[in-house]
Every structure is written in C-alpha cells, then in structure tokens.
Amino acid sequence: MILPSDSDLPSDRNEGQSSGNPGETPWWEDPDLSADDENESGDGDGTGPGGEEDSPFGDEDEIPDIPPNLTSMAGPGWRRELGKEILESLRDLEAIEDPDDEFAPPEPPDLFTFFGELAALRNELRHQGQRSHQTLNQLDKTLAPLLRKAALTDQTGTSPSASGPSGDWPAEHRLALVSLWDLLPQATAVPAFEAAIGPLLAAAGLVRIPAVGQSFDPATMTRAETVPATKKLPAGQVVREIQTGFLCHGHLLRPARVVVSV
Amino acid sequence: MNLSCPFCRKKVPPGHSRRCRHCGCEVASLRTITTAAADSIRLAIEALQEGRDRDAHDFAYEAWGLRHSREAAAIGLIAASCLGDPIEIPRWIRRRREVVV
C-alpha cells in the first residue's frame, strides 16, 4: 500500500499540515475520503467494508489501524521522479545495441560483389597491360637510333668518340643511357638487356666509375650514407654503391652515390 | 535490377552487351547473376502468393546470396514473418538495414 506524500495532497491540506495548524483536519480523518473508500470497497449489495464475505484482507480486526502521526515514506513529487526514471530506463534500453550484431559472424559477400571485384581487377590488369605496351613501344622508339648507331660503329670499326670529346652522341642520348642503366637492377631477369647496353655505353664514351671496395674519392663520389668502420673494413672505404657514377671521355658526367665507412 | 559497371561505376544499359561501353569492363557474368537473382525473387513472390512460406524464404535467401538487394531483403523478411521464425526475422531486419542504409 503506497501512501500519498505530502506534496500529493491537495494544496489546502498540504499547507495546513506543513504549517502545523492544529485546526485543520488531516486527510486520513477526512469524512469525504472515508466515504469514497467505503463506496469503492463495497460490492453494491449494501454490505459494508467490514463484512466477512467482502473484505479481501480477511477479518477487519487483523488490519492494524493507521496511526495518526504516520507520514509517507516517499519524498515529495515521487510520481514525477518515478516517471522520469522509467523514461530514462526506456531510453537506455533503446540505446542498447543488438547483441547479435556483435556475436553473429559477418555474412559472406554475395556472388554479385565477388564477381564485380573480379571483373574490376581484370579490367585494371588489362589497362595496365595496355599502358606497359605503350611504354615499351616508346622505349623501342627511343632506343632505335642508338642501336642503329651502335651497329654502324661495329661495322666501321670506329668509335664515335674519335670524332671529338663529345662525339656524335647528343647529351640527352647519353643521359637516356644512364637512366636505362639505373633501371638495370630491376631488369636483372633480362640478362640480354644488360649485355646489349654495355656496348652502347662504350660507344657513347661512357665509363662506369668503380666504387665498391675503393677509397672514397670526393671528386667522383658523393657520400650518401655512412657505416661504422671495423677491423675488416677500414675507414674511408666505399661499402656499397647506391647509384652508379659515369665518366664521359674522362669528364665527370654523374658522381656515384655511395655508402662509406667512417 | 539496375546494373553498374564495377570498374567505372557507370550505369550499364540493359541489353546483351558483354562489356561496359565506357571502360570495356566485362559485365556479362554480372548480368547473368542479376538475372538469376531476379528470377529467384519472382519465384519467392509466387511461393508467397501460394502460401508456401518456407519455399518463399528459401528463394529469398537464394536471391540474397546471389545479390544483396532491397527486394530480396523485403521478401525474406515477409517470408520469415509468415513463418514466425524468431531467429530469421531479426536477421532479415539486419540485412534490410544493410542494403537500405
């Protein structure tokens, strides 16, 4: 049985109780409320609430009387607070994620997505193949005059360098050869390519600068990295070559980038 | 169902072309899958109309496996609701959320 709190009482009674006015009648002694209780508990046949057949609580004598100084255990405005708590609980329930989302295994992709990705990959491969084909064609066009010149040199037995320090080779052709040489480590699977470019370098008057195992020469080398020297590896020695250097008819075309022990 | 090229995302018009006319990507297999999924959805609708809820659910699941689509999710949810399956109903709701969102 929940008793109404002070704030749930009508304002005149509440004020009367809170002010402690002894002239006011407390709610449990209000004759109107007593009459309402009797009407609610009665079954309409004139039997009072104290009847033995009608009382759901058994004998009336067993029901203790409410002491006149009893006040509600609930604080003022308990209905509003309870409603607020229920609403908050409902919001918390809504915020709870579906546990199956977390524990259920992810669904496999559909066949359409799988084949779509496969078709996209195939198409990308096809496009890349076309681009590689175009690049190789362009390289072939660039190398064709160089190869013709090398063949001519082999036939006549004269080197283009004989015509002068710069020879007949334009500078961009020499640089193209050097760039081609830089690509060689990636093209080691094609030894014929390496064998073909060697005579071309010689025909163009290009000479590789020997680096690994040599002493560091600042005139022809650039120090890119350093490693600590050991007993087997004296200081100032080139350990590794990062980029090959070239001399063109004795002049420096490009310095070698090397790793030096210090 | 609409078909978009998986490579260039352009819409592929209905017809019998095997490749996307924008990028040349092959779309014949995707078209076949889409047609099969549409057939499964049609069979699921027919089964629902005839009261064969279990068959409708199976056809909807088949269509969903072929291609995740709103139609397959909707038919699957209806079939699962008709069956009163407490496990499949939330699954179809989740599947439908996946394609709607």
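Just so it is clear, none of the values below were taken in a lab; they were calculated from the coordinates. None of these values were measured; they are calculated from a predicted model. Every residue, glycine among them, receives a Cβ derived from its backbone with ideal geometry; neighbour counts consider all protein chains shown.
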Completion exercise
With Cα coordinates, the longest principal axis of chain B makes an angle with the long axis of helix B:28-49, in degrees rounded to 10, of 20
Completion exercise
Using alpha-carbon positions, the gyration tensor of the range B:18-93 gives root eigenvalues a ≥ b ≥ c; with a/c under 1.5 called rounded, otherwise prolate if a/b exceeds b/c, else oblate, the class is prolate
Problem - Neighbour-count order for B:THR34, A:THR222, fewest beta carbons within 10 angstrom listed first - result: A:THR222, B:THR34
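Let me confirm one metric for peptide A:105-117, namely the mean number of other chain beta-carbon atoms within 10 Å of its residues' beta-carbons.
On the way: counts 0, 0, 7, 1, 2, 10, 10, 15, 5, 2, 9, 11, 2.
Partner-chain Cβ atoms within 10 Å, mean over residues of A:105-117: 6.
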Practice task
State the volume of the convex hull built on the alpha-carbon positions of the range A:209-262, expressed per residue in Å³ and rounded to an integer.
Solution key: 56
Practice task
Take each of the peptides A:245-258, A:169-182, average the number of other beta-carbon atoms within 10 Å over its residues, and list them starting from the highest.
Solution key: A:245-258, A:169-182
Handout entry: Separation in nanometres of the label points that stand 7 Å from Cα toward Cβ, at A:ILE86 and A:VAL212
Key = 8.5
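Averaged across the residues of B:19-25, what count of C-beta atoms belonging to other chains lies within 10 Å of each residue's C-beta? Don't jump to the answer; show the numbers that get you there.
Working: counts 2, 2, 0, 0, 5, 4, 9.
The mean count of partner-chain Cβ atoms within 10 Å per residue comes to 3.
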Practice task
Any chance you could give the angle, 0 to 90 degrees and rounded to 10, that helix B:88-100 forms with the longest Cα principal axis of chain B?
Solution key: 30
Completion exercise
So the FRET efficiency between A:LEU233 and A:ASP182, C-beta based with R0 = 41 Å and rounded to 0.05, is 0.95
Fill in the blank from the handout: Listed by chain and number, the residues whose amide H is under 5 Å from that of A:ARG240, excluding neighbours fewer than 5 places away on the same chain and using placed H, are A:VAL259
